[in-house]
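Let me begin by presenting the structure, written as structure tokens, before commenting on it.
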Amino acid sequence: MPKKGLKKLHAKDALDFFNQVMVEQPLLPFLIPLGLFAWFVERWVVPFSNWVPLAAAVWATIQYGRFKRKMAVEDLNKRWKHLILNTTPTTPIEPCEWLNKLLIEVWPNYMEPKLSKKFQSTVERRLKNRKPKLIDKIELQEFSLGSCPPTLGEQGMRWMTSGEQQVMSLGFDWHSKEMSVMFMAKLAKPLMGTARIVINSIHIKGDLLLSPILDGEAVLYSFESTPEVRIGVAFGSGGSQTVPGMELPGVSTWLVKLLTETIAKTMVEPRRLCFSLPPVDLKKQAVGGVLSVTVVSASNLGRKSRTIELGNNQSSSGNTTPGIPLNRRAHTFIEVEVGTLTRKTTTCEGPNPTWNSTFNMVLHGETGVVKFLLYELDSDGVKYNYLTSCEIKVKYVLDGSTIFWAIGHNDGVVARHAEHCGKEVGMVVPFEEDITGELTVSLVLKEWQFSDGSVTLSNSLSNEFQCSIDGSPKLQSRTGRKLRVKVVEGRALAVNSKSGKCDPYVKLQYGKALYRTKTLSRTAQPVWNDKFEFDEIGGGEYLKVKCYNLDTFSDDSIGSARVNLEGLLDGASRDVWVPLEKVDSGEIRLEIEAIPNDHNDSLKRSSSKVEAGWIELVIIEARDLVAADLRGTSDPYVRVQYGNKKKRTKVIYKTLAPNWNQTFEFAETGEPMILHVKDHNAVLPTASIGNCTVEYSMLSPNQPADKWIPLQGVRSGEIHVKITRRVANSEKKSSLLTDASALGKGHKISAQMRDSLKKCSGLVDDGGDAEALSLALTEVESVQDEQDLYIQQLEREKALMLQKIHDLGSEIVRTSSGPARTSC
């Protein structure tokens, strides 16, 4: 019995094992018969040692054939793609979902902040020049493109060949409802008040073209045609808005038109923008530059002729034939334009003129457009007609180089690359519109100016403003700094077309500060050497330079310019020739110096001390004052304003060259000292005939400065003053204190105040004239100022006395608390 039970147990285990093997190896029922068949073949037909290698050889042959066919297909595909790219004008459309996926990943943290900052500066510039009649002033307060990027190549992309240029075409569709652009507008009459304008959605749809240039170092991009543009505008209320939320008529249309025109003028074929791909990033932001432009010559100037063929009620596409040459006696010239700065070449005759005229042009920012306008003089030589134009664009690259590009023949591209400043680049650019021919120019980027204070010059020159190559600036904090500007000289200034005279002077405006140089007579090469000081303003404030020609009735403007003062190093100076804009010729030489912070801080500390001293001002005389009266003279006097204190000189009647010789003293507080020159009138209000600011902070103690200061706000006039910074320990002050103590200065001031008040009261009761009353009030003010000065002197004496008492008490305590002596 035990043996039978054991046999049943083994049979059951074997059955379970077989079932498990069948579950894990379902092909086992097929493999067993296959194995039996193989045993039969090996036993009765042929041994395995003969047919197994044969089977392996057949299998390897099949696999090798498949591999060869695969390689042949790939090689044919490569040859086909190469043939398509190089011989056919258009490649098949290829999907680019990967590009949009990549754009979604990099848009929020990289592209959106950079594009928002760039577009914000563009919008701010456009708003200054374009605004609807309903809006008096508009300011951009917020700019964000949102988190939704545009969709590129939704229907695919393809490569095209335009002339010798490879161009990639892909669709551009940007429909975002997450952007936020907010304007604060000051409304004009009749609405008045302020209103908020918010752009909360945008839709731009078109075909984008990308063209690699300069062996892949940059990419030009543009729209094939003007894109479809729609924006959503909301008109907010509340906050700082003073009118209820409502739609302002015409504003939405104006914004759409402004955006469409901006795109059409900058990036619609054949206009293109540039995106550089530098191998190195110096991490510098260019804020301006100096470009030398040489207009060499033009060739084959002529007018285009178009052949029109009629057929099937349609005209032909207008094939352009060789141009009809201009008249051999035609006189032409080129006007070079960069922003508002223009220069003209000389006039040359014939269809192949040669000018060889060189001009220095100023770039404001890291990009610029140099336009070349071709004009033809009439036969009488009086009127000139515009013929055509072409343009070259300039862009700073982050590796320190410069890219120049222009529209070539058949809407192609002419591009050049200057690896460093000072390298000469020659370009031959075809004229646009209805004039055939080419313009040959030579361009030299002399310098780039950066926001960190460095200036990149040509390779052969070193510059004191350059910083280390890693871009780390050496600029210290500019808070509270002063900028000293010296107007040195001018050259080639424009003269009056009627009289042929030039009596030039220059006005400098920096923020709200306005200064003027003296006027020089009958010279187009003036030398002023006038110095002015300004408090530095952050935020990229420009120094505005305006040059005028003095005239009898109204002064003629003979040019203006803007100078970027951003990035000056402490203690460094910059000597520049600034070309004047809106005129044909003229340059002004400026020397600009940044006064170090530590020097200003020491001046502020010295001026804030109680014992700093006082200011002694002597108003001596004036000359060349303007005539304020009908009889051609004035009754001038000077009102001195120093902080809250005011003093006045006597009135000198019927003269334009008064002589006062009056002395005033003020306790030094560091505040500006302003002189107002006025014309006295007994009945009518006094008239201003100029003002000026007297600088004294840079003076050495007890060293008088004698100077002639030009008056601001008038055509002519200068005032002669002598100013001295007196220190507290000077002999002058001690003598004043001695005299004051000997004569009882406090009682004397009180008596003078009582007498002055009685005099004023008597004049009021008697109905005295306005002039006598004005003089009496001025006397009261003078006595009050003297009293304030005396009180400050007493306070200083009190402070010194208390300090001496404190020092004496400390000495007594120290002496009394010393160790007791022990006897031996």
For Asp551, which sequence-distant residues (separation of 5 or more, or a different chain) have an amide H within less than 5 Å of its own amide H, given hydrogens modelled in the peptide plane?
Asp556
Over 26 Å (Cα to Cα) among Lys722/Lys804; Lys371/Lys395; Lys518/Lys678 -> Lys722/Lys804
Ignoring any ligand, DNA or RNA, what whole percent of the accessible area of the stretch 157-209 comes from carbon and sulfur when the probe is 1.4 angstrom?
56 percent
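Out of all Cα-Cα pairs in the stretch 611-725, roughly what percent, to the nearest whole number, are more than 26 Å apart?
Here the tail beyond 26 Å accounts for 18 percent of pairs.
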Please compute the volume of the convex hull spanned by the alpha-carbon atoms of the stretch 661-702 and report it per residue in Å³.
121 Å³
Take the residue pairs Lys131/Lys531; Lys284/Lys512; Lys654/Lys707; Lys512/Lys654; Lys101/Lys257 and return only those whose Cα atoms are more than 28 Å apart.
Lys131/Lys531; Lys284/Lys512; Lys512/Lys654; Lys101/Lys257
Within 10 Å, count the other beta carbons around each residue, average over each peptide in 171-177, 120-126, 671-677, and list them highest first.
671-677, 171-177, 120-126
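The values are calculated or read from the model by the stated rules, or taken from the named source; none is laboratory data. This one's a predicted model, so the numbers in the text were calculated from it and none came from an experiment. All Cβ positions, glycine included, derive from the backbone under ideal geometry; neighbour counts span all protein chains shown. What goes into the accessible areas is simple: the full protein's heavy atoms, side chains included, and nothing from ligands, DNA or RNA. Shrake-Rupley method; radii C 1.70, N 1.55, O 1.52, S 1.80 Å.
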